[in-house]
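Before any comments, here is the structure.
The numbers here are math on the coordinates, done by the rules we state, and not lab data. These figures come from a predicted structure and were not determined experimentally. We place every Cβ from the backbone using ideal geometry, glycine too, and count neighbours over all the protein chains shown.
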Amino acid sequence: MDQGLNPPRLRNMTWHMQNVPLLTDRSALIRNRHRASDGFLRDIARDELLDRLSLVNREFKSSLIIGPAPQIVPNAKQIEDSETLDVTTNSHDLAIHFMALHWANDPVGQIIQSARALQPDGLFQAVCLGGQTLNELRICLAQAESEVTGGLSPRIAPMGEIRDLGALLQRAGLALPVADNITVLTSYKDAFHLMHDLRNFGETNALNARLRHPTKRAIFDRCAEIYAKTFAEDGKIIATFEFLFLSGWAPSADQPKPLRPGSATSRLADALKTTEKPLRD
């Protein structure tokens, strides 16, 4: 990372990270990713991201990809989504944070650092899993563990909601922020097939507060029973995956800006060719 620039916002972020309990165990996350074999989650994320990029009337010449991404755009520099990103200030016209923000210990810090890498009027794009993801499995695991052991342990990451992550774009200083989502419903033979797929995706439990010993088989057996009874259609269980998409631009003097209140030079009623009526008291 560029050591010549270390603004107060980034120094404060570092201090904050040192004083907040970590959500993710990075070493466990890296192990999970190393044994992953991709799958449809990354395919959907890549295709949706490319669709959004196709709507931008611009040719990007210096792209940066952050996270465990396939080749999304040609000749892009690719880096890990480490706590401190290996970026140089003002060096890219496109930065893509790919399927990693839901594991970030400091999501706003990741976006701020990504924004620092952008040239003026450079584009930031991100895709990650959202809060509705695996809500069925979350419910079934919690009930099963409570029944079998009488307690609960962290098993599925608390992924962000679209409103919260969208607000981070403005906190990071990006202009023209946009956040949207899609929800994909999938079906599986049973909960064991779903969990096998999650392992292949590299999305199994990497929470820092997780149990550090093997889970009792009885918990998974009971989870599968509850799942089949509660979230099944036509003999198969249903699993939800929510994808969140974030977009924002590095500030530039050439960007369109909203007019000041009261600066309009024509009336809306005239544009609509209608008669303006006063409001009743």
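Brief remarks follow.
- Of all aspartates and glutamates in the structure, those lying under 13 Å Cα to Cα from LYS216, and not within fewer than 8 positions of it along the same chain, are GLU145, GLU147.
- For GLY122, the amide hydrogen comes within under 5 Å of the amide hydrogens of ALA250, counting only partners 5 or more places away or on other chains and with H modelled in the peptide plane.
- Among ALA172, ALA271, ALA69: highest mean-square fluctuation, GNM of the chain, C-alpha pairs under 10 Å: ALA271
- GNM result for the chain, Cα springs below 10 Å: residue of GLN119, GLN170, GLN255 fluctuating most strongly: GLN255
- Among GLY248, GLY150, GLY202, residue whose mean-square fluctuation peaks in a GNM of the chain (springs only between Cα atoms under 10 Å): GLY150
- Note on ALA232 and LEU22: the model spin-label points, each 7 Å out from Cα along the C-beta direction, lie 4.0 nm apart.
- Extended-chain gain in nm, criterion 0.36 nm per residue less alpha-carbon gap, ASP86 and GLN170: 28.0 nm
- Where the alpha-carbon atoms of segment 114-162 are placed on the principal axes, they occupy 55, 17, 10 Å, in descending order.
- Whichever lysines have a C-alpha closer than 21 Å to that of LYS189, once near sequence neighbours (fewer than 8 apart) are set aside: LYS229, LYS236
- The chain: radius of gyration and largest Cα-Cα distance (Dmax), Å: 22.4, 72
- All-pairs alpha carbon distance profile, segment 60-163, 10 Å steps from 0, percent: 14, 38, 24, 14, 8, 2
- Ordered by the number of other Cβ atoms lying within 10 Å of each residue's own Cβ, fewest first, THR149, THR274 fall into the sequence THR274, THR149.
- Footprinting exposure proxy for SER37, SER187 (fewest neighbouring C-beta atoms within 10 Å first): SER37, SER187
- Taking 0.36 nm per residue of sequence separation and removing the Cα-Cα distance, the ALA209/ASN57 pair yields an extension gain of 50.3 nm.
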